[in-house]
Amino acid sequence: MRLTSVLRGAVVGLRERFDFGGRDVARWFPGHMAKGLKDMKTRLRVVDCLLEVHDARIPFSGRNPLLKEALSIRPHLLVLNKMDLADLTHKSRILEQLERQGLKHVLFTDCLKDENIKEILPLVTKLISNSERYQRAENVESCLMVIGVPNVGKSSVINSMRRLHLRKGTIRDHLVGEEIIADYLLYTLNHQQQFSYVERYGLTSPCDDVESVLKSIALYLGKTNRIRVRTGTGDVTVRAPNYNAAACDFIYSFRKGHLGKVMLDQA
Ligand SMILES: Nc1nc2c(ncn2[C@@H]2O[C@H](COP(=O)(O)OP(=O)(O)OP(=O)(O)O)[C@@H](O)[C@H]2O)c(=O)[nH]1
Ligand SMILES: [Mg+2]
């Protein structure tokens, strides 16, 4: 047993609550934030989604109350950053409580290890395409605004996204729906040495990694979502491949026989 847990059980007489002793607790919402909020509201017109960064150690407090009004008019993703510093034993309870407050889309991140950062853009893309006001076609540019109180890691999140998406490309953790089917078809085609897809989609060589194939297909077909991330120091554009659109095209072409003759059952 760790010393701390022994102590937790053994030490008695510790304070149950913190007594502020009548001290006037400073209003934490200073003037410069009011100004920032005013600027933000002006710029909100061109924004498709809001990414609010906050500290994972204070999931319920310290968020700017005036943001709520602004947040309700755009799809909103709450990123609880610095998860490496937070005790997340009760993570599911935290998520439930946030959901009761109307916060349905929440991600925990750690910018030091780029943890979960790659989940952000696919989720943002989904939120934007699901939002009624912004029914958008593919390949249009979307605009994401990153907001949050000072020092929560806004710049770090943007830099991590930049690092992951611009240099290495979007990496996804889980394949879903059509992507799994596409993966199976890719496996089959490669297994049967049927490489028509290479030429059809302008690849350089056969490849057995579905993620990389779908990414190439998306770029080749121009099925990408461009997301402009507004930051205090200029905008960053991230181009996210639309994996699902690529997978659908791959499956469609397969069904139409454009990827060559195949045999799905073994004789
Ligand atoms: N441990 C840990 N530290 C982090 C993480 N993300 C950011 N930090 C640190 O938190 C501090 C603030 O990060 P910034 O990215 O500058 O935060 P910000 O919200 O842009 O701050 P302002 O622009 O000043 O409002 C820096 O010292 C970062 O290194 C994280 O996931 N884990
Ligand atoms: Mg910053």
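The values are calculated or read from the model by the stated rules, or taken from the named source; none is laboratory data. Note that the coordinates shown come from a computational prediction; the quantities given were computed from them, not determined experimentally. Note: ideal-geometry Cβ built from the backbone for every residue, glycine included; neighbour counts use all protein chains shown.
Here ILE227 meets the list (1) modelled with pLDDT of 85 or more; (2) surrounded by 13 or more Cβ atoms within 10 Å (Cβ to Cβ) almost entirely, failing just condition (1).
Can you tell me which residues in the range 61-117 are within 13 Å of ligand 1 (Cβ to nearest atom) and among the polar types (S, T, N, Q)? Once the filter is applied, which keeps residues that are within 13 Å of ligand 1 (Cβ to nearest atom) and among the polar types (S, T, N, Q), the range 61-117 yields ASN64, ASN81, THR109, ASN116. Scanning the range 140-180 for residues that are surrounded by 14 or more Cβ atoms within 10 Å (Cβ to Cβ), modelled with pLDDT under 60 and not β-branched (Val, Ile, Thr) yields GLY169, ARG172, LEU175.
Taken over the range 190-216, the criterion of being over 17 Å from TYR252 (Cα atoms) and assigned to a helix (DSSP H, G or I) is satisfied by ASN190, HIS191, GLU211, SER212. For ARG255, the requirement of being surrounded by fewer than 17 Cβ atoms within 10 Å (Cβ to Cβ), more than 16 Å from ligand 1 (Cβ to nearest atom), at pLDDT 85 or above and of a type in the set (Lys, Arg) is met.
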